[in-house]
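Reading through the structure tokens given below for one structure.
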Amino acid sequence: MKGLTTKKVEALLKQYGLNVLLEGKKKNILVKFFEQFNNFLTILLIIASFLSFIISEPIDGGLILLIVILNGLFGLYQEAKAEESIQALKQMTVTKVRVIRDGVETEIDSKYIVPGDIIFIEEGVKISADGSIVESMNLELNEAVLTGESLPVPKKLADLIYSGTIVSKGRGLFEVKSTGMQTKFGQIAHNL
């Protein structure tokens, strides 16, 4: 196998970008807090609270307002936890991989992987992009990070493998099909 040429890799890097999980622009905590109140039901509860104050029912109005604020704080907490999960996903990505480029096996930083790259994998290696197996020798992967399944999954020729999974047995080669945010791992990070 010859792998990709340097010229082709440069073109693919321009087309697909780096093999990294992208971060959205960080928002101020106050902005995040007020975004929690940006839905119809919450606005309706706030109006009900003010109406309770107007009709001389301050206890009811105060309780409704307290519930709305607690709900906003809970939403803010959940959002912070989701951001922590994204950071944890990023730390699970691989830093170095062995690829075939210009007919030569070479080690590169995983962020420079592009679709079409041929990557060597063996026991203990974390998969750094989605792809399909092109060579397999007793290959099994731990896919718990994606599926929750603790048992290794046997992989044979043409089977799909996913970023973030770990080779638990054997060795092989796979051709990269998706990188960065286009991987299953990237889709999970985007949904968080």
Fill in the blank from the handout: Note: the chain, point scatterers on Cα, Debye, no solvent; log10 I/I(0) at q = 0.12 Å⁻¹ equals -0.67
Handout entry: Where Rh is the Kirkwood radius over Cα pairs, Rg/Rh for region 143-192
Key = 0.96
Practice task
Could you let me know the centre-to-centre spacing of region 123-137 and region 8-59, using Cα atoms, in angstrom?
Solution key: 37 Å
Handout entry: Helix 40-54 axis, angle to the chain major axis (alpha carbon atoms, nearest 10°)
Key = 20 degrees
Fill in the blank from the handout: In this structure, the FRET efficiency calculated for I69 and H190 from their beta-carbon separation, with R0 = 45 Å, to the nearest 0.05, is 0.95
Practice task
For K8, go through the aspartates and glutamates and keep the ones whose alpha-carbon is under 18 Å away, minus same-chain ones fewer than eight residues off.
Solution key: D102, E105, E107, D109, D117, E175
Handout entry: Hydrodynamic radius of region 29-91 per Kirkwood, over alpha carbon pairs, in Å
Key = 13.0 Å
Handout entry: Nearest-ten-degree value, helix 58-91 long axis tilted from longest Cα axis of the chain
Key = 10 degrees
Problem - Eligible lysines near K7 by straight Cα distance, threshold 22 Å, same-chain separation 8 or greater - result: K96, K111, K177
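Readers should treat all values here as calculations from the given coordinates under stated rules, not as data from a laboratory. Keep in mind the model is a prediction, meaning the values are calculated, not measured. Cβ coordinates were reconstructed from backbone atoms using ideal geometry, including for glycine residues, and neighbour counts include every protein chain displayed.
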